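To keep things clear, I will list the structure first and then write my remarks on it.
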Amino acid sequence: MAGNGELKKKTAKGLLWGGIGNGMMQILNLLFGIFLARMLTPADYGMVGALTIFSTLAGLLAESGFILAIVNKKEAAAKDYNALFWFSTLVSAAIYIILFFSAPLISSFYHEPEMKMLSRVLFIGFLFGGLSAAPTAYLFRNLMVKQRSLAMITAICISGVIGVTCAANGCRYWGIAVQSVSYIFINSMLVWWWCPWRPSFKIDFKPLREMLPFSIKQLIITLFTQINNNIFSVLLGRFYNMQITGYYTQGSKWTMMGYGIIQGMINGVGQPVLREAGTDAVRRANVFSKMLRFTAFISFPALFGLAIVSRELIIIAVTDKWIDSVPVIQILCAGSAFIPICVLYANLFNSMGRPSVYMWNTIALGLTQLVSITVTYRMGLNVMLAFYSLINILWVFVWQYFAGRYAGIRWKTVVRDISSYLVVTLFVMGVTLWGTRHIENTLLSLTVKIVMAAGLYCFILWRANSVIFKESVDYLLKRKR
């Protein structure tokens, strides 16, 4: 078991590289997305967005939760990785064959004939993802965050150039599809490059049996989560039109850029670090509290900040033809600010060997949101999103109930850890909106909002002697030196 100093060092290094990797990936996604959005129409984005749920669910079935199961094991042997490799490879191939022949049905469901060939090409991506499940698990378990980050950054650079080139040559939605497939392919190859483990031709699935109870729970969790996350694209594509689906896809993409960096940082180190904290309840609670404060420290200003500058960002980056995606971003940001906190709770339960708590909680959340979507979809997109985001916020109380029951995490501690950052963030964003309300120039408004909000937030935390703020600054300065 790692000592306190070693664990702190691993956590800091993992968070740093997780932040660099996810940050660079989101920035590059943003840059390439800007080029694509300027050349393509909302309907083009809607075509690919409506198919996302199929490729996402197929990819999840291909690895079936075994990646996290291996990460959660006390000891992982070569036979475990070998079993995962052959399982994910064979399952992904079988699912692709099924989806290949189901393409006409998918096309008919959305009343879009072009989707037949588009889906067959887009689904190739999860085949490559299935091939890289085992080395991904190896890098994840061994906290090789730097290598995973470099793989993502390289893949997004190359695939982005390919996608933009295709779109510039009149390929329309094919540009997005080719970018997606090429990203997964390149990332998979690089993950294999950095992974020292190699598979053997001995196919033995016995090692997966002992991980099956954990992996099934993880599979159910991720299936519900992804269905819940992508249900809007399905409903909008089926009952509205591809243009509205495109507005939602664009708005959702910008929001995911906001919380994706933070979620990636927490996911990259949360479960391994909490697992290394061992069975010492006090130590685990202290580690969780520290990570919770860090999560709130960056999540609230990042997402609420994105909400107040979303109009300026959309107009400057992708032109006002996408202006209808601004309310989508603003509504989703409110709920998404709490997603990294929920992710941290999930990592806590997994590290304790209680995936069933995580599973049933996620199922209940998914069903609640599905019911709300079903009830409100006739009221329009913004109403659906408002209820969806509100449920995300309120569900933190449910996570905390189980954390108090099984991990001894006290309500008083959690409220203390996150409330100050939330209050400061809301105050800063309110002052920023009031102070910039008369600025008409879009670029000037964006610049002043960012500088004013960031400066005021840092100043208040500095004057309040925030430990997390000062430790973060000290760590970055030491890394620079």
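Looking at segment 24-46 only, could you name the residues that are assigned to a helix (DSSP H, G or I) and open to solvent by less than 10 Å² (accessible area, probe 1.4 Å)? Correct list: Gly33, Leu36, Ala37, Asp44, Gly46. Any residue at all in segment 162-178 that is at pLDDT 85 or above, over 20 Å from Tyr45 (Cα atoms) and either among the aliphatic types (A, V, I, L, M) or under 19 Å from the mean Cα position of the chain (by Cα) (or both)? No, because not a single residue in segment 162-178 is at pLDDT 85 or above, over 20 Å from Tyr45 (Cα atoms) and either among the aliphatic types (A, V, I, L, M) or under 19 Å from the mean Cα position of the chain (by Cα) (or both).
With the structure loaded, tell me whether Trp462 is closer than 30 Å to Tyr248 by Cβ and surrounded by 12 or more Cβ atoms within 10 Å (Cβ to Cβ) or whether it fails that test. Spelling it out, it is not the case that Trp462 is closer than 30 Å to Tyr248 by Cβ and surrounded by 12 or more Cβ atoms within 10 Å (Cβ to Cβ). Taking each residue of segment 303-325 that is touching a residue at least 40 places away in the same chain (Cβ under 8 Å) and open to solvent by 20 Å² or more (accessible area, probe 1.4 Å) and looking for partners that are among the small types (Gly, Ala, Ser) and in a helix (DSSP H, G or I) with beta-carbon atoms closer than 6 Å, six or more apart or interchain, yields Leu306/Gly258. As a summary of the residue check, Pro113 satisfies the conditions (1) part of a helix (DSSP H, G or I); (2) modelled with pLDDT of 80 or more; (3) open to solvent by 30 Å² or more (accessible area, probe 1.4 Å); (4) not charged (D, E, K, R) except for the one numbered (1). With respect to Ile227, is the statement that it is of a type outside the set (S, T, N, Q) and buried (at least 17 other Cβ atoms within 10 Å of the Cβ) true? Yes: the conditions hold for Ile227.
Phe101: part of a helix (DSSP H, G or I), within 17 Å of Gly130 (Cα to Cα), out of contact with any strand residue (DSSP E or B) (no Cβ under 7 Å at 6 or more places or on another chain) and not hydroxyl-bearing (Ser, Thr, Tyr), yes or no?
Details: part of a helix (DSSP H, G or I): yes; within 17 Å of Gly130 (Cα to Cα): no; out of contact with any strand residue (DSSP E or B) (no Cβ under 7 Å at 6 or more places or on another chain): yes; not hydroxyl-bearing (Ser, Thr, Tyr): yes.
Criteria not met by Phe101.
Which ones in segment 56-66 are open to solvent by less than 30 Å² (accessible area, probe 1.4 Å) and in a helix (DSSP H, G or I)? Result: Ala58, Gly59, Leu60, Ala62, Phe66.
Restricting the search to segment 360-379, which residues are under 21 Å from Thr222 (Cα atoms), loosely packed, with under 13 Cβ neighbours inside 10 Å and of a type in the set (Val, Ile, Thr)? If the condition is that a residue be under 21 Å from Thr222 (Cα atoms), loosely packed, with under 13 Cβ neighbours inside 10 Å and of a type in the set (Val, Ile, Thr), then Val371, Thr374 are the ones that fit.
If you go through segment 361-407 and pick out every residue that is closer than 15 Å to Asn347 by Cα and modelled with pLDDT under 85, you end up with 3. Answer yes or no: is there a residue in segment 238-252 that is more than 30 Å from Phe32 (Cβ to Cβ) and either modelled with pLDDT under 75 or of a type in the set (S, T, N, Q) (or both). Scanning segment 238-252, I find at least one residue that is more than 30 Å from Phe32 (Cβ to Cβ) and either modelled with pLDDT under 75 or of a type in the set (S, T, N, Q) (or both), so the answer is yes. The C-beta contact set for segment 345-366 (first residue at negative phi, second residue among the hydroxyl-bearing types (Ser, Thr, Tyr) and open to solvent by 20 Å² or more (accessible area, probe 1.4 Å), distance under 7 angstrom, 6+ apart or interchain) comprises Ala346/Tyr358; Phe349/Tyr358; Asn350/Tyr358; Met352/Tyr406; Arg354/Tyr406; Val357/Tyr406; Thr362/Thr225; Gly366/Thr225.
Restricting attention to segment 76-85, does a residue exist that is crowded, with 17+ Cβ neighbours inside 10 Å, under 25 Å from the mean Cα position of the chain (by Cα), of a type outside the set (S, T, N, Q) and over 23 Å from Thr225 (Cα atoms)? Before you say what the answer is, go through the steps one by one.
Initial filter on segment 76-85 (crowded, with 17+ Cβ neighbours inside 10 Å): 76, 80-85.
When the remaining residues are screened for being under 25 Å from the mean Cα position of the chain (by Cα), the result is 81, 84-85.
Filter once more, keeping what is of a type outside the set (S, T, N, Q): 81, 84-85.
Of the ones still in play, those that are also over 23 Å from Thr225 (Cα atoms) are 81, 85.
Checking segment 76-85: at least one residue is crowded, with 17+ Cβ neighbours inside 10 Å, under 25 Å from the mean Cα position of the chain (by Cα), of a type outside the set (S, T, N, Q) and over 23 Å from Thr225 (Cα atoms).
A count restricted to segment 396-432 and to residues that are in contact (Cβ under 8 Å) with a residue 40 or more places away in the chain, within 16 Å of Phe300 (Cα to Cα) and open to solvent by 30 Å² or more (accessible area, probe 1.4 Å) stands at 3.
The values are calculated or read from the model by the stated rules, or taken from the named source; none is laboratory data. For clarity, every value in this text was computed on a predicted model and none was experimentally measured. Please note: Cβ atoms are built from the backbone with ideal geometry, for glycine as well, and neighbour counts cover all protein chains shown. These area figures cover heavy atoms from the full protein model, side chains too; ligands, DNA and RNA do not enter into them. Shrake-Rupley method; radii C 1.70, N 1.55, O 1.52, S 1.80 Å.
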